[in-house]
Amino acid sequence: MKKLISIITLTMILNAGYIWKDLKPIKEYTASGYKMKSDIVYLEIRQYRSYTTFKPKYKKGDFNSQKYKVLLKIGKKPKMSAKRDRNFKYSKADFSKTANIRKSSMCFMRFCDSQISNAFIIDNNGKAWRLNEVQDIINILKPIDTPAELKLLIWLKNIRLDMKDENHKEKYKKTKSGYQVIQDYDNSTSNYGECGHFNYKFTVYRNGAISKKRLLYKTKSKYGCFVAD
């Protein structure tokens with residue numbers, strides 16, 4: 001009997017990590033939830049926005065490198081001289097064709113609201129670097145082993161960039177190869193893509209790769225559908 005109880009207890013412990021749990025909004029995860037490479041002490045993701053009467057070509061002149069919003073900070077920024085701190089703060093962004101961090105445009109009538117992000121890191125020697133591709137950030141974080149890293153990866157690759165957290169939720173289950181994810185979101189603005197309430201399932205692997213999403217079901221948006229103009 002004791003042996004049976006021990007087996008059941010062990011099975012419950014082993015399966016504890018394989019139950020579905022809710023992912024929190026990205027800003028609710030603290031720096032301790034991420035495990036960056038040992039030589040990286042600080043990472044900062046900056047968002048650049050452009051409001052124009054044309055769709056930007058994501059090149060110099062479309063965005064202002066000096067005007068940005070810090071979306072996320074991971075780690076502790078080391079102390080710097082005033083000059084180096086100023087140089088880091090006003091580092092030029094890279095808007096070249098390969099840049100793809102949270103890159104999107106939504107146009108209606110004659111106006112376009114566009115955004116793109118760059119990441120800036122500081123290593124343990126105090127040297128600053130600029131990153132402009134999602135894969136660059138994945139390489140710093142992988143293997144993807146924590147809920148915070150999982151949420152960050154989904155957030156970085158999410159094509160529906162302006163969805164609010166209350167309309168865009170995920171739950172996850174840990175597996176041997178990474179995580180299974182069920183993503184639920186409601187889109188009522190046709191400018192952002194197909195209107196409706198969607199439920200998808202996909203896998204995020206430890207190396208940062210994401211499987212093709214499989215649609216579980218689709219219903220009408222609970223907010224109705226409209227076009228922003």
Got a number for residues in the stretch 165-190 being more than 17 Å from the chain's Cα centre (by Cα), of a type in the set (Val, Ile, Thr) and either at pLDDT 90 or above or under 17 Å from ALA148 (Cβ atoms) (or both)? 1
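Among the residues of the stretch 106-115, is any modelled with pLDDT of 90 or more and not in a strand (DSSP E or B)? Before the answer, list the steps.
The initial filter retains those residues of the stretch 106-115 that are modelled with pLDDT of 90 or more, namely none.
Checked against the condition, which is being modelled with pLDDT of 90 or more and not in a strand (DSSP E or B), the stretch 106-115 yields no hits at all.
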Regarding the stretch 131-141, can at least one residue be identified that is assigned to a strand (DSSP E or B), modelled with pLDDT of 90 or more and over 15 Å from the mean Cα position of the chain (by Cα)? no
Give me the pairs, please: first residue somewhere in the stretch 185-207 and more than 30 Å from ARG110 (Cβ to Cβ), second residue anywhere and hydrophobic (A, V, I, L, M, F, W, C) and part of a loop (DSSP other than H, G, I, E, B), beta-carbon distance under 7 Å, and either six or more positions apart or on two chains. VAL204/ILE144; ARG206/ILE144
Number of the exception - ILE144 against (1) more than 24 Å from GLY193 (Cβ to Cβ); (2) touching a Ser or Thr at 6+ places or on another chain (Cβ under 9 Å): (2)
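The values are calculated or read from the model by the stated rules, or taken from the named source; none is laboratory data. This one's a predicted model, so the numbers in the text were calculated from it and none came from an experiment. Using ideal geometry, Cβ is built from the backbone for each residue, glycine included, and neighbour counts are taken over all protein chains shown.
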